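The block underneath contains the structure these notes are about, expressed in structure tokens.
The values are calculated or read from the model by the stated rules, or taken from the named source; none is laboratory data. All figures in this text were calculated on a predicted structure; none of them were measured in a lab. As a convention, Cβ positions derive from the backbone with ideal geometry for all residues, glycine included, and neighbour counts pool all protein chains shown. The protein model used for the area step is the full one, side chains on, heavy atoms only, and it has no ligands, DNA or RNA in it. Shrake-Rupley method; radii C 1.70, N 1.55, O 1.52, S 1.80 Å.
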Amino acid sequence: MNLYCILFSLAAILKFSDSCLVIRYSEPPACACKTLKLDIWNIAENHGEPYLLYNSVLFSTIKSPEILVDDCFVQVYCEDGADFYIFDNGKGAKIGDYSLDGSCDPYQQAWQVDTGNGMEQYKELKAVCVLKSKNEAFRTGYLYMVDQEKNPPQTFDSSETGSDILDVLERFVDSNHPLICGSMVLVAMKRSPNEVDISRIVEKLRENQITVIIAAQDTFSGGLHPETMYDLAAKTNGFCAFSHHIVAASQTAPNVLAPFIVYSLNLKVSGTGTMVLPTIVLSGYGTVHLSIAVQSTGTANSFQSLKFSFRNKELGTFGSVEKTRDELKYNAVPIMNSFKVSNFLLAEPTFFEFTLDYNYSMEDTILIRLISERGIGHWFPYQD
Ligand SMILES: *[C@@H]1O[C@H](CO)[C@@H](O)[C@H](O)[C@H]1NC(C)=O
């Protein structure tokens, strides 16, 4: 009889605590998992991992996806059969051209999604669509560059071995290929040349209106004269970008998708000041992108801040971009020397005025380039 009583009361306790559990879990917190649509305006500041996956997205034509959130459920897809990719801190996946369903775990406020490799947790579900595009060749070129950076085909023991890039450029010009005139050359570099005098190659490049774009590692692994490439880029209306990842450097430079240099200045600055810059008349309509290299190496300390502004009195439009030293850090390691603003202004056949405010602790040279899908009917003049 006693035993029965004990069992009975144990059962009662179990039952009671069971129902306690039920009561405690009957009202879960509200689902508030975060999502973010990535597009050309915000993808740069939401840069992600894994590095290769993120880069293959950056070099594509992208647009924002459809993200439908209904309480604790989410559906993400792209229209027109575009592929989509998802990212979060430290992870990412290519989902492809079907839709993704996920559910929000309200206790962790994180999405549970099936990425094709099983269920994964995404704190913030960032998604982007990649259009299957005509720029496939361009993208393939960049991916080749990524691969070469990871698996260099050649190495040299001595840090005094210089790059032979000046000879390579000369052979390119001397090939007399019918399409070299007006071409844009992208060079990915880990090692600087040993030469300083570039007058002969500059003359040949200018005769053929060839623009040289350099994407370089912030500290060259060898070669005696890192400043030579910045000088060469300056003199061909080109660009020289440094970063600890060559591919990240190339992202700030002008590229062939908008191949026309419509404005180009090399400005020597030191200390602080304001410059009123030459005006231009843009001939057509369309968007104009801005690339600025703020200093001649990736590791110098001279650049503090700058502001580049445009104004169009006739249209009543104006705008500016401002950068400080801190904002040019990439993954918090050494500074990049450059940045790019896509769609900086909308071209119309009217006068644009520009000003530059700057703050430098030492002398340096700024490269300012505006590039567009449409030319201005003539080659933009060179400066020394
Ligand atoms: C220039 O930058 C330095 C360092 O950030 C700052 O201390 C100084 O106040 C700035 N000068 C001007 C005129 O803005």
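For the condition part of a loop (DSSP other than H, G, I, E, B) and over 26 Å from SER270 (Cβ atoms), what is the one hit in GLY319, GLY375? Full working, then the answer.
Numbers: GLY319 fails: part of a loop (DSSP other than H, G, I, E, B).
None of the other options fit; the residue is GLY375.
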**Request:** Answer yes or no: is there a residue in region 245-256 that is open to solvent by 10 Å² or more (accessible area, probe 1.4 Å) and within 16 Å of the ligand (Cβ to nearest atom).
**Result:** no
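For VAL168, are the conditions met, namely being under 13 Å from ALA233 (Cβ atoms) and free of Cβ contacts under 8 Å to residues at least 60 places away in the same chain?
Answer is no for this residue.
Just name the residue that is most open to solvent (accessible area, probe 1.4 Å) out of those in region 284-294 that are hydroxyl-bearing (Ser, Thr, Tyr) and at pLDDT below 95. Before the answer, list the steps.
Initial filter on region 284-294 (hydroxyl-bearing (Ser, Thr, Tyr)): 285, 287, 291.
Next, only the ones that are at pLDDT below 95 stay: 285, 287.
Details: TYR285: 132, THR287: 43 Å².
Step by step, filter region 284-294, then rank; the result is TYR285.
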**Request:** Could you please find all residues in region 332-382 being farther than 22 Å from PHE318 by Cα, away from the ligand (no atom under 16 Å from the Cβ) and within 24 Å of the chain's Cα centre (by Cα)?
**Result:** ALA332, VAL333, PRO334, MET336, ASN337, SER338, THR365
**Message:** Suppose the filter is buried (at least 18 other Cβ atoms within 10 Å of the Cβ), within 25 Å of PHE380 (Cα to Cα) and among the aliphatic types (A, V, I, L, M); does ILE261 pass it?
**Reply:** yes
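Quick grid of which residues meet (1) in contact (Cβ under 8 Å) with a residue 24 or more places away in the chain; (2) open to solvent by 40 Å² or more (accessible area, probe 1.4 Å); (3) out of contact with any helix residue (DSSP H, G or I) (no Cβ under 7 Å at 6 or more places or on another chain):
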| site | (1), (2), (3) |
| --- | --- |
| LEU179 | no, yes, yes |
| ILE198 | yes, no, no |
| ALA234 | yes, no, yes |
| LYS268 | yes, yes, yes |
| GLY271 | yes, no, yes |
| LEU282 | yes, no, yes |
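Closer than 21 Å to LEU58 by Cβ and open to solvent by 50 Å² or more (accessible area, probe 1.4 Å) - does that describe any residue in region 309-319?
Keep residues of region 309-319 that are closer than 21 Å to LEU58 by Cβ, which gives none.
Checking region 309-319: not a single residue is closer than 21 Å to LEU58 by Cβ and open to solvent by 50 Å² or more (accessible area, probe 1.4 Å).
Considering only residues that are of a type in the set (S, T, N, Q) and under 27 Å from GLU314 (Cβ atoms), look in region 257-297 and name the one that is nearest to the ligand (Cβ to nearest atom).
Let us first name the residues in region 257-297 that are of a type in the set (S, T, N, Q), namely 264, 266, 270, 272, 274, 279, 283, 287, 291, 295-297.
The next check asks that each one be under 27 Å from GLU314 (Cβ atoms); those that pass are 264, 274, 279, 283, 287, 291.
Values: SER264: 26, THR274: 11, THR279: 26, SER283: 37, THR287: 31, SER291: 23 Å.
Applying the filter and picking the extreme gives THR274.
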**Item:** Pick from region 298-308, criterion touching an Asp or Glu at 6+ places or on another chain (Cβ under 8 Å), open to solvent by 20 Å² or more (accessible area, probe 1.4 Å) and at pLDDT below 90, ranking: nearest to the ligand (Cβ to nearest atom)
**Value:** ALA300
**Message:** Can you pull out every residue in region 340-379 that is more than 19 Å from PHE242 (Cβ to Cβ) and among the small types (Gly, Ala, Ser)?
**Reply:** SER342, ALA347, SER372, GLY375, GLY377
**Prompt:** Checking ILE368 against (1) among the β-branched types (Val, Ile, Thr); (2) in contact (Cβ under 8 Å) with a residue 24 or more places away in the chain; (3) open to solvent by 20 Å² or more (accessible area, probe 1.4 Å), which test does it fail?
**Reply:** (3)
